[in-house]
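Please treat every number below as a calculation from the coordinates, not as lab data. Predicted model, so just to flag it, every value in this text is computed and none were measured. Because the Cβ atoms are built from the backbone with ideal geometry, glycine has one as well, and the counts that use them run over all protein chains shown.
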């Protein structure tokens with residue numbers, strides 16, 4: 001390996017455990033992509049005489065540059081093997097090197113494009129389509145579609161469009177529709193067709209988050225400290241202690257009561273000034289002050305969980321219904337414009353592949369039988385829609401029960417074949433603290449707080465945690481916060 005010394009974990013992942021499902025985790029620059037390239041090479045060497053083994057291993061990268069880098073590393077590994085081999089083994093290695101440009105090493109979009117072209121009739125696409133890789137052109141077409149859709153809604157005299165423009169400027173409404181259109185694979189229109197259903201879902205999310213917060217509070221060290229310690233009557237710090245505990249007691253008694261919301265707000269407003277160190281004792285005073293401060297911060301983080309949804313939330317739900325409805329019209333305009341130009345954008349490739357695999361058993365079967373192992377590089381940058389799509393590609397009919405590497409990934413491999421077992425699964429790795437950790441035999445899901453969706457006012461998603469959804473309800477009052485989930 002060009003003098004590269006493998007660690008024991010790298011050797012296990014890349015050489016010794018190629019028939020197993022594993023997860024790798026390491027800091028940046030520790031060699032995850034190197035191990036994937038090594039694993040790709042070892043899978044070829046252990047292909048057992050299968051026909052076209054290069055086509056039976058799929059490696060998905062995050063960028064075209066990364067795909068080229070992996071291909072070059074595999075070429076180097078094979079060249080080193082060929083230099084030391086003789087006879088038929090050498091000829092086989094040289095053939096693989098010649099065929100390497102045809103190997104399935106690409107971005108997920110490249111992978112989907114190839115799938116759609118192979119099944120163009122079933123997918124309902126022109127096999128000669130071009131990929132809309134020009135982001136400036138894509139942005140312009142999308143923005144024009146959003147603008148035209150909003151104008152059409154206004155000209156049609158839609159009351160909801162008039163209400164929308166009473167809550168925000170025209171330009172901002174267009175930006176929101178544009179943003180929804182750009183993230184259309186991250187949400188479902190049916191989830192935002194009814195304002196009452198949205199509010200019900202928010203209430204359910206709020207209640208779930210509240211239950212989790214309430215369950216954690218009794219175990220807080222700050223709560224135990226405040227219950228164990230009491231100060232002199234009339235002392236300002238003692239009053240703060242009682243205010244904090246009153247909130248905890250109200251939460252324990254009835255977390256949904258209006259009085260509980262008031263008690264929590266009072267605890268969040270505690271001032272840390274005042275109190276007599278002399279009466280408390282300096283050490284005790286410091287302890288109770290620290291405990292009150294910690295509990296106050298804890299309650300501040302959860303204060304919205306105890307406040308009932310109000311008029312702003314209802315207005316936000318109505319706004320979402322209007323925005324998603326206008327986005328549906330914008331999508332039709334955008335799709336029509338692309339069709340006239342013979343273009344598919346990156347989301348079209350993903351959505352088209354997903355529809356194909358959903359609707360065509362023959363395409364699912366052909367794809368599943370053609371892949372022995374799937375490797376994903378930088379999978380922490382792969383969003384839940386893409387993960388679900390990759391799972392369906394590898395596991396086919398068994399996708400619902402298949403493990404998902406959503407929470408752990410930077411490089412990942414999914415395997416279905418070995419000499420001992422024909423099962424399918426994942427092995428994943430991600431950037432993390434320095435060092436390697438191997439995880440296997442687990443099911444990984446993408447928790448709501450880690451979905452890789454760009455947080456913006458125009459991206460509704462039922463998978464978000466309630467607090468993120470709550471922040472959206474305030475978009476009617478000013479510019480929304482922007483955040484990227486990590």
| message | Sorting check: for 80-92, 336-348, which peptide has the highest mean count of neighbouring beta carbons within 10 Å, and how do the rest follow? | response | 336-348, 80-92
| said: Once you order the gyration tensor axes a ≥ b ≥ c over the Cα atoms, which shape class does the range 220-306 get: rounded for a/c under 1.5, otherwise prolate or oblate by comparing a/b with b/c? | reply: prolate
| Any idea how far apart residue 286 and residue 122 come out in nm if each label point goes 7 Å out from Cα toward Cβ? | 7.1 nm
| said: Using alpha carbons only, how many angstrom separate the centre of the range 44-110 from the centre of the range 159-209? | reply: 46 Å
| said: Can you give the FRET efficiency to the nearest 0.05 for residue 221 and residue 200, using r as the Cβ-Cβ distance and R₀ = 25 Å? | reply: 0.10
| Fewest-first ranking of 201, 241, using other Cβ atoms within 10 Å as the exposure measure | 201, 241
| note | Taking r as the C-beta separation of residue 190 and residue 278 and R0 as 45 Å, the FRET efficiency to the nearest 0.05 is 0.10
| field | Part-to-part distance (alpha-carbon centres) for the range 316-341 and the range 253-274, which is given in Å | value | 43 Å
| Residue-span extension gain [residue 339 to residue 154] - 0.36 nm each, minus C-alpha spacing | 64.0 nm
| field | Pairwise label distance in nanometres, residue 312 with residue 50, each label 7 Å out on the Cα-Cβ vector | value | 5.6 nm
| Using a basic spin-label model with each label point 7 Å from the Cα along Cα→Cβ, how many nm lie between residue 167 and residue 233? | 5.2 nm
| request: May I ask you to derive the FRET efficiency for residue 83 and residue 332 from their Cβ-Cβ distance with R0 = 45 Å, giving the value to the nearest 0.05? | output: 0.20
